[in-house]
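Undergrad: One structure, as structure tokens, below. Some questions next.
What follows is calculated from the coordinates using simple rules that are stated; it is not laboratory data. Just so we're clear, the structure is a prediction, and the values are computed from it rather than from any experiment. When we count neighbours, we look across all protein chains shown, and the Cβ atoms used for this are built from the backbone with ideal geometry, even at glycine.
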């Protein structure tokens, strides 16, 4: 199979999974074309790949490509007109590149294919006629009104738009994990719940949208916030939702939760959340970290000194390394893991979601290998301090 055909097949796979963010075609062979961009659109109730081609005369042309064999062939024909193509998905990226000699490489293709095939990708929001159908929350939900996200008419306040998109997106990622969760009754914990926008949204989704019997607890250290959340839950009639004031590390749940969620637990609080969730053996863990300070203070790695000497780059390095270590430790504890984008970074830079789904098999060898990798990485970053 040629790289062009491989790209078309992989792009179609990402589109069918609704994991395709965009496909960007550059370095055109025609002098009349500037570039082309492909995105998913809902047309006539079906998802299609919409290609927008930009020309040097300032005009643009749209073409809708179906997600079938015919569409794949059309996509390959289109791709042949460009020397560089970027494939951007929620499972990772790949790039098809051609040099001046006509030699091609397809970077990241195999890794991306494995992730898409394994289902390690979240769904994007597809635009078009059916965009509203994919949104889980409308803004008119009573809990959003009581929490000050929307007004009495269900219109989301402008200043709460980012928060509304954030919790909607979190629920979409929850929806992706439903095959791994109970179908009738579920126990959920939201650790470091804060003002608990997420707690109310998740409870509403399982209890009111899906119709499950839900037992859910939110845990946080702030007594005034917890008192307010319990009052709101009572007003809403959310009888299966309660909030507890206390330290996450000391909190115990008589019934082990199948789902543990956490939104922006600060610094090492995220580690406490993940530790508690794995101790319970939760089937699904969804955690969005907040600030990352611990590794920044303890990093001691001469090999990375050329990065660490720059404060901004040091922080970015520590952010990525911290979350990668967390995922590796979850893997060592028997989970399939992924790092996903929660929301557009324009809304918040704290937009990485750590997703862990408990493996059905034990696979002791894989767990031991992951733990060895985790320890080696820590030793490398901390100068031998395990």
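Undergrad: Residue 309 versus residue 43, label points 7 Å from Cα toward the beta carbon: distance in nm?
TA: Once both label points are built, they end up 5.4 nm from each other.
Undergrad: Please give the calculated 222 nm ellipticity per residue for the chain, where each DSSP H segment of at least 4 residues contributes -39500 (n - 2.57) and the sum is spread over every residue; nearest 500 deg cm²/dmol? Provide the component values of the computation, followed by the final result.
TA: On the way: 13 runs with 144 residues, N = 386.
Theoretical 222 nm ellipticity from helices: -11500 deg cm²/dmol.
Undergrad: Of all DSSP beta bridges located in region 135-382, what percent are antiparallel, nearest 5?
TA: Here the antiparallel bridges make up roughly 35 percent for region 135-382.
Undergrad: On to the next question. Would you please give the FRET efficiency between residue 152 and residue 210, computed as 1/(1 + (r/R0)^6) with r the Cβ-Cβ distance and R0 = 30 Å, to the nearest 0.05?
TA: 0.70
Undergrad: At 7 Å along the Cα-to-beta-carbon direction for both residue 235 and residue 111, put a label point, then send me their distance in nm to one decimal.
TA: 4.8 nm
Undergrad: Related question: Taking the convex hull of the alpha carbon atoms in region 54-148, what volume per residue do you get, in Å³?
TA: Given the Cα convex hull of region 54-148, per-residue volume reads 198 Å³.
Undergrad: Right, another one. Using a Gaussian network model of the chain whose springs link C-alpha atoms within less than 10 Å, name the residue from 168, 81, 99 with the highest mean-square fluctuation.
TA: In this elastic network of the chain, the residue with the biggest mean-square fluctuation among 168, 81, 99 is 99.
Undergrad: Which length gain, in nm to one decimal place, applies between residue 256 and residue 221 when the Cα-Cα distance is subtracted from 0.36 nm times their residue separation? If you can, show how the numbers build up before the last one.
TA: On the way: separation 35, 0.36 × 35 = 12.60 nm, distance 2.09 nm.
Extra length from residue 256 to residue 221 when fully extended: 10.5 nm.
Undergrad: Still on this structure, I have one more. For 198, 137, which order do you get if you count the other beta carbons within 10 Å of each Cβ and list the fewest first? Before the final figure, lay out the partial values.
TA: Numbers: 198 24, 137 21.
Arranged by neighbour count, lowest to highest, 198, 137 become 137, 198.
Undergrad: Still on this model: Over the residues of region 3-118, compute the C-alpha Rg and express it relative to 2.2 N^0.38 Å.
TA: Scaled against compact globular proteins, the figure is 1.01.
Undergrad: Which distance in nm do the two modelled labels at residue 55 and residue 183 give, with both placed 7 Å along the Cα-to-Cβ direction?
TA: That separation, rounded to one decimal, is 5.4 nm.
Undergrad: Further, regarding this structure: Ranked highest first by the average count of other Cβ atoms within 10 Å around their residues, in what order do 283-289, 155-161 fall?
TA: By packing density, highest mean first, the sequence is 283-289, 155-161.
Undergrad: In addition: What full-extension length gain, to one decimal in nm, is calculated for residue 159 and residue 382 as 0.36 nm per residue of separation minus the Cα-Cα distance?
TA: Details: separation 223, 0.36 × 223 = 80.28 nm, distance 4.12 nm.
Once the chain is fully extended between residue 159 and residue 382, it gains 76.2 nm.
Undergrad: At q = 0.15, 0.32 Å⁻¹, what log₁₀ I(q)/I(0) does a Debye calculation on the Cα points of region 36-87 give, no solvent, two decimals?
TA: For region 36-87 at q = 0.15, 0.32 Å⁻¹, log10 I(q)/I(0) is -0.43, -1.32.
Undergrad: I would also like to ask the following. What translational D, rounded to a whole number of µm²/s, comes out for region 256-369 from Stokes-Einstein when the hydrodynamic radius is the Kirkwood one over Cα pairs, at 20 °C and 1.002 mPa s?
TA: The calculation lands on 143 µm²/s.
Undergrad: Please find, in a Gaussian network model of the chain (springs between Cα atoms separated by less than 10 Å), the residue of 126, 37, 260 whose mean-square fluctuation is greatest.
TA: 37
Undergrad: Kirkwood hydrodynamic radius, region 135-382, all distinct C-alpha pairs: what's the number in Å?
TA: Final number for the Kirkwood radius of region 135-382 is 19.0 Å.
Undergrad: So what is the diffusion coefficient of region 146-283 in µm² per second by Stokes-Einstein at 10 °C and 1.306 mPa s, using a Kirkwood Rh over Cα pairs?
TA: Values: Rh = 15.4 Å.
For these conditions, the coefficient is 103 µm²/s.
Undergrad: How far, in nm, would the chain grow between residue 369 and residue 27 when pulled straight, counting 0.36 nm per residue and subtracting the alpha carbon separation?
TA: Details: separation 342, 0.36 × 342 = 123.12 nm, distance 4.24 nm.
Going from the current span to full extension adds 118.9 nm.
Undergrad: I would also like to ask the following. Which residue fluctuates the most in the chain, going by a Gaussian network model with Cα springs under 10 Å, if the choices are 172, 309, 63?
TA: Maximum among the listed residues: 309.
Undergrad: Please arrange 61, 35 by how many other C-beta atoms lie within 10 Å of their C-beta, fewest to most.
TA: Arranged by neighbour count, lowest to highest, 61, 35 become 61, 35.
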